[in-house]
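Only one structure is covered here, and it is reproduced in the block below.
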Amino acid sequence: MLQIFSKKYYLRDLLEGFVDIHNHLLPGIDDGAKNANISIELIQGMKALGVKQFISTPHVMQDFYPNTDETIGNSYNQLLEALPVSLKSEIAINPAAEYMIDDHFETLLNDGYLFTLKSNYVLVEMSYYSPPINLEEILFKMITRGYKPVLAHPERYSFYHNKKDYYKKLKRLGCQFQLNMLSLSSHYGKHVEQTAYYLLDENLIDFIGSDVHNQDHVNKLSELFVGNKKINENLKKTIANTKNVFSVI
C-alpha cells in the first residue's frame, strides 16, 4: 500500500538529553537574555525541547561586549541564585564564552587565558562582513598552544558561500565547525540555509548549537522541520557527537 504522507522530521525529536554548547542565556551581559527572569524562561523553553545541559556563551567582543571572566562569573552566579530549585535539579548549566576574533582576542590568547567550552575547546566567531586577514595564523597559534578552535556558525559567513573549498581548508588546518540549529531553516536567509545543508551533506560539521538569544528563537526551534531521512541521519551523528564530547553528566 502506498503511503500518501511521508514522515516529517523535526529537530525537537532528536534533542533528548542534548548539550547546548552555544547560547546567550546569561542575563544582562550581551544581546541575549536581558535579565534572570528571561534567562529562566529561555531555559524552560529549551528544556521542553529536550535540552538537558547548557554551556552558555556570552559574546566577548572588544567594541560591543567587553566581557571578562569576572562579568561572566557574576552573571552566572546571578542566574544560579534565581533558578528555581526544581529546575536547577533537572539541568546543568556552566559558563563559557563566544570570542570574536579581533585584536582583543589575540591579546587574550597571548596572555594564555581563554574561557573554554570544556577542556581545551574554544568557541570563536568572525565578523559577518569579512574574515580576519590573519585567520589562519590565529588558528595555528590556538592549536600550537593546546586549544581546539570551534568556529561558530560557519554557514553564516556569506563571504565563503561562493568559496566552499575554503571550508575544507579550515578543517584541514584543525578548525572544528559548530552549526546553528536555525540555519536549517530560512531564519538567517536562503543562502545560509543552503550552505548549512551543504556542510552537513559534506560531513564538515562537528557540533551543533542553538545560538538562542530570545523567545522567538525558541519558538522557531520548536517547529523546525529538518528535511529528509538522509539529513536526519547526518543530524543524528552531529547531535550525538556534541553530546559525547561536551556532556558533564
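The values are calculated or read from the model by the stated rules, or taken from the named source; none is laboratory data. On a predicted model such as this, the values are computed, not experimentally measured, just so you know. When we count neighbours, we look across all protein chains shown, and the Cβ atoms used for this are built from the backbone with ideal geometry, even at glycine.
On the basis of being within 20 Å of Gly73 (Cβ to Cβ), at pLDDT 95 or above and not basic (Lys, Arg), does Tyr167 make the cut?
So Tyr167 does not fit the description; no.
Going through Gln62, Gln44 one at a time, which residue ends up being touching a Leu at 6+ places or on another chain (Cβ under 9 Å), among the polar types (S, T, N, Q) and surrounded by fewer than 21 Cβ atoms within 10 Å (Cβ to Cβ)?
Gln44
Quick check on this structure: which one of Tyr160, Tyr99 is in contact with a His (Cβ under 9 Å, 6 or more places away or on another chain), under 23 Å from Asp211 (Cα atoms) and aromatic (Phe, Trp, Tyr)?
Exactly one residue qualifies, and that residue is Tyr99.
Step by step: first the residues of region 218-231, then only those that are touching a Leu at 6+ places or on another chain (Cβ under 9 Å) and under 20 Å from Ile21 (Cα atoms), then the one that is modelled with the lowest pLDDT. Which residue is that?
Going through the qualifying residues, I end up with Val226.
Would you tally the residues in region 76-97 being within 19 Å of Val248 (Cβ to Cβ) and not in a helix (DSSP H, G or I)?
Here the count works out to 10.
Which one of His187, His153 is surrounded by 14 or more Cβ atoms within 10 Å (Cβ to Cβ) and over 20 Å from Lys237 (Cβ atoms)?
After ruling out the rest, the residue left standing is His187.
Any residue in region 230-249 that's exposed (fewer than 14 other Cβ atoms within 10 Å of the Cβ): show its pairings with residues that are of a type in the set (Val, Ile, Thr) at Cβ separation under 8 Å, as long as the two are six or more apart or on different chains.
As it stands, the answer is Val248/Val19, since those pairs meet every condition given.
Collect the residues in region 118-144 that are within 24 Å of Ser247 (Cα to Cα) and part of a loop (DSSP other than H, G, I, E, B), keeping them in residue-number order.
Hits for region 118-144 are Ser119, Asn120.
If I ask for residues that are over 18 Å from Asp201 (Cβ atoms), exposed (fewer than 14 other Cβ atoms within 10 Å of the Cβ) and in contact with a Ser or Thr (Cβ under 9 Å, 6 or more places away or on another chain), which ones from region 156-174 would you list?
Correct list: Phe159 only.
Any idea which residue in region 157-183 is farthest from the chain's Cα centre (by Cα), counting only those that are in a helix (DSSP H, G or I) and aliphatic (A, V, I, L, M)?
Checked region 157-183; the qualifying residue farthest from the chain's Cα centre (by Cα) is Leu170.
Would you mention how many residues in region 16-41 are among the small types (Gly, Ala, Ser), part of a loop (DSSP other than H, G, I, E, B) and more than 15 Å from the chain's Cα centre (by Cα)?
Final tally of qualifying residues: 3.
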